[in-house]
Amino acid sequence: MEFGEVLLDQAAGAVLAHSVALPGGKRLRKGRVLEAADIATLRDAGIAAVTVARLAPGDVDEDAAAKRLAGALVPDPEAAGLELRAVGTGRVNILATDPGIARVEAARIHAINRADPAITLATVPPSQRMEPGEMVATVKIIAYAVAGAALARACHAAQGGLALARPVLQTAGLIQTSVGGPENPDKGRAVTAERLERLGVALAGDVVVPHRVEPLAEALAETPGAVLLILTGSATSDIRDVAPEALRAAGGTVAHFGMPVDPGNLLFIGDLHGRPVIGLPGCARSPALNGADWVLERVICGVPVAAEEIMAMGVGGLLKEIPTRPRPRSRKGGP
């Protein structure tokens, strides 16, 4: 692409790079392809030269380039749960059509952005929960045109790099344990139901049992739901604590305990006869974002969550502190 100031006699057919103020408060807007009438208007206004961009052989204009790249990134929007919305000036916004979590192939996104400085793609963080209509990504060609070869490199790198993982589980069971103190199971139930509702999941079972292995194991075996959630009255502080032991006693397995996300450290995940089981940390009683959200959202959307995935959540895992947390990160008045 050629770019620079030219005399009006050389400007016809070029793209106006900067808006030009005209008499009477009028303007010629940037991005306009200058025609003979525009040249005459500029000359009548006493303007002798303008800054323009002119496509070179093989260049692709900004709007066409943005649409082509978005189409390569999401070749089947309906299957991907996404909508491609061209808005002009070299931009295509990519929106979620359903609830779910963003599936972002970071290596592909990096390759797209390395193809040419004029080609840019910004996305939400990988696995961010999305609601219908929210923007998952935006393609922006920041010049008036881009070299066709560079665009081809970006499109090749983009293939299938973005999608929405939609919920595959529709029901959940919640089991809370009581240690006999001043507990409020209604709060845990309400907050959990609200979390599930965001992804269209219904609370199919809800029980409160004593904080002991035997009654908890029985509840795990009997409570309905495609995913089982345990919210204990006393925090799970070891992989051999009451809740993990109850899962084993019910015939299940514990895959991992603990996570490098704060709040949310004391989470465990396992399986009971093909149903995922999540031992929620105490901070899950708060509606604020915590590590349990990341695990629960992935499980509901059918995204594998094993020990390796959980242990990789530490970068970005320092979340906002919860004011009502029983054991905050620092003592009052301390550092």
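Among the strands (runs of 3 or more DSSP E) confined wholly to the stretch 240-335, which include 1 or more residues that are at pLDDT 95 or above and hydroxyl-bearing (S, T, Y)?
253-257
Which residue pairs have Cβ atoms closer than 8 Å, lie 6 or more positions apart in sequence or on different chains, and pair a first residue in the stretch 22-40 that is more than 22 Å from T89 (Cβ to Cβ) with a second residue that is part of a loop (DSSP other than H, G, I, E, B)?
Correct list of pairs: P23/A45; A36/A12; I39/A11; I39/A12.
Residue check: is L84 within 30 Å of L34 (Cα to Cα) and touching a helix residue (DSSP H, G or I) at 6+ places or on another chain (Cβ under 7 Å)?
yes
Tally time: how many residues in the stretch 180-225 are part of a loop (DSSP other than H, G, I, E, B) and either out of contact with any Pro (no Cβ under 9 Å at 6 or more places or on another chain) or modelled with pLDDT under 95 (or both)?
10
Test each condition in (1) assigned to a strand (DSSP E or B); (2) polar (S, T, N, Q); (3) touching a residue at least 40 places away in the same chain (Cβ under 8 Å) for S127 and report the one that comes out false.
The failed condition is (1).
Scan the stretch 65-81 and tell me whether some residue there is crowded, with 18+ Cβ neighbours inside 10 Å and assigned to a strand (DSSP E or B).
Checking the stretch 65-81: not a single residue is crowded, with 18+ Cβ neighbours inside 10 Å and assigned to a strand (DSSP E or B).
In the set A221, A190, A235, which member is in contact with a Gly (Cβ under 8 Å, 6 or more places away or on another chain), closer than 13 Å to L174 by Cα and not hydroxyl-bearing (S, T, Y)?
The unique qualifying residue is A221.
Under the condition of being surrounded by fewer than 17 Cβ atoms within 10 Å (Cβ to Cβ) and not hydrophobic (A, V, I, L, M, F, W, C), which residue from the stretch 190-204 is farthest from T97 (Cα to Cα)?
The selected residue is E194.
Looking at the stretch 43-56, can you tell me whether even one residue there is aliphatic (A, V, I, L, M) and either in contact with a His (Cβ under 8 Å, 6 or more places away or on another chain) or at pLDDT 95 or above (or both)?
The answer is yes, given that some residue of the stretch 43-56 is aliphatic (A, V, I, L, M) and either in contact with a His (Cβ under 8 Å, 6 or more places away or on another chain) or at pLDDT 95 or above (or both).
Every residue in the stretch 101-119 that is part of a helix (DSSP H, G or I) and either touching a Gly at 6+ places or on another chain (Cβ under 7 Å) or among the hydrophobic types (A, V, I, L, M, F, W, C) (or both), please.
A106, A107, R108, I109, A111, I112, A115
The values are calculated or read from the model by the stated rules, or taken from the named source; none is laboratory data. Bear in mind the structure is a predicted one, so any value in this text is a computation, not a measurement. Here the Cβ is made from the backbone with ideal geometry for all residues, glycine too, and neighbour counts use every protein chain on show.
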